[in-house]
Structures are given as structure tokens and as C-alpha cells.
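Working notes, beginning with the structure itself.
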Amino acid sequence: MPLEVDLGDDRSLRGLADGDADELFALIDSNRAHLAAWMPFVGQTRGTADSLAFIRAARRQYEENRGMQLAIIQREQIIGVAGFHAIDWTRRSTSIGYWLAANRQGAGTMTTVVCALLNHAFERWELARVEIRAGVANQRSRAIPERLGFREEGVLRGAERIGTRVIDHVVYVMTAREWELGAPEPEPDHGARRPVSGSG
């Protein structure tokens, strides 16, 4: 089964199920303006069927050992999604993507989530490298890898099309060795901490 982690403060990570489709679509739809500036999937998500297709694609991705997408839960409600994009098992590398509902930001949740994903990537999968890519102007997204001690490796020009815009990405990298030596702990006032690794 996909990774499951208790993140504390009534928050957790778990795999997505078909029964989550209605709730996931409702969350995306209610956050459409918030997400659309940086998330190209928003324009392609027009109904519950699209969210169900995403969930089933995520299940196939996990079953084929190509990555993993997880629901971020708080008080039994889905508040976002995070996970691993395609895994390169030859180079032992992957990248992390994430999004969070607008009214759930600012509490350290995503920093805690990314810590859990890094623990899984380096400890369970024994990967060597994890990337996070964020829009150059997306300061909230960039703050996550910067807070956790990722190294900024450079900028990819024209990396992604979102609607009619083409944006540049900043590339951040964490290696297994750097994580082992100890990335900075999230600041206590963000409500985040390194969670214990989950099973999966």
C-alpha cells in the first residue's frame, strides 16, 4: 500500500481512493483561482470524473513502481495533495510536487509533508537525489525547499506552460548525503517537525 504517515496535529498522509474523487474535485474547484496560477492540471480538472481519472492514474503509477501521489489529510478532510513524480531507478532520483488549499497555508503543514516524503525517498527507497521545481515567482512554493536546506541548482527557462503563460522554474536539490548530515529543522513557530517514517 502507499505510504501512510501520521504527521501530528490531526494531520496525515495516505493514498488516494476512488471514493475520494468527489471531495478532491470539490477542493480543487473551491481553490481554482488560488491554484490556477501555478498548477496546470487545474484547467484540465472540470469535474469529478477528472479527479477520479487522476486517482486511478496515481494508483497505476504506484503499482508500477513509478511514483506515488498522496492525500494530505487534516481532521479527516483532504486539504491538498503531495507526492513523487516519475522515479529514475537507474540514477536513483525523483522529484516532489505538492499543493495545499489556500486556507490551510501558513501552519507548516507542507514543510512537514515534504520532510516525510524525503525520509521515505532516502530511507525506504534508498534514492540518492530529490528535486523540487517551483515557478520563479512562486515564493510560497520556493520557501519549502529553502526552509529545508535544499541547494538551488539553477533556473530552467520556459519550463512549463500554464494556460497562456510560459514560466521559468527554479530547481532545488537535496541528496541523500546532505539529508543524512542533517538539513535544518523546520522552525518551531511554523508548527512543523520531522515526522517519523511511515510504512509503504
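The values are calculated or read from the model by the stated rules, or taken from the named source; none is laboratory data. All figures in this text were calculated on a predicted structure; none of them were measured in a lab. Because the Cβ atoms are built from the backbone with ideal geometry, glycine has one as well, and the counts that use them run over all protein chains shown. Accessible surface is based on the protein model in full, side chains and every heavy atom, while ligands, DNA and RNA are left aside. Shrake-Rupley method; radii C 1.70, N 1.55, O 1.52, S 1.80 Å.
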| field | Single unsatisfied condition, G67 versus (1) surrounded by fewer than 21 Cβ atoms within 10 Å (Cβ to Cβ); (2) on the phi < 0 side of the Ramachandran plot; (3) touching a Gly at 6+ places or on another chain (Cβ under 7 Å) | value | (2)
| Residue list for the stretch 73-131, restricted to those being assigned to a strand (DSSP E or B), of a type in the set (S, T, N, Q) and under 20 Å from Y62 (Cβ atoms) | S93, T94, S95
| request: State the number of residues belonging to the stretch 143-163 that are buried (at least 19 other Cβ atoms within 10 Å of the Cβ) and within 24 Å of N103 (Cα to Cα). | output: 4
| (1) closer than 13 Å to G80 by Cα; (2) not in a helix (DSSP H, G or I): which one isn't true of R46, the others all being true? | (1)
| remark: The residue that is least open to solvent (accessible area, probe 1.4 Å), considering only those in the stretch 164-175 that are without any contact (Cβ under 8 Å) to a residue 24 or more places away in the chain and assigned to a strand (DSSP E or B), is V166
| field | Candidate set from the stretch 77-88 (those that are in contact (Cβ under 8 Å) with a residue 12 or more places away in the chain and surrounded by fewer than 15 Cβ atoms within 10 Å (Cβ to Cβ)); member that is nearest to V5 (Cα to Cα) | value | Q77
| said: I'd like to verify a number: residues in the stretch 26-49 that are open to solvent by 20 Å² or more (accessible area, probe 1.4 Å), of a type in the set (A, V, I, L, M, F, W, C) and closer than 26 Å to A137 by Cα, how many? | reply: 7
| request: Looking only at the stretch 86-100, decide whether some residue is modelled with pLDDT of 95 or more, over 15 Å from the mean Cα position of the chain (by Cα), of a type in the set (S, T, N, Q) and over 25 Å from Y172 (Cβ atoms). | output: no
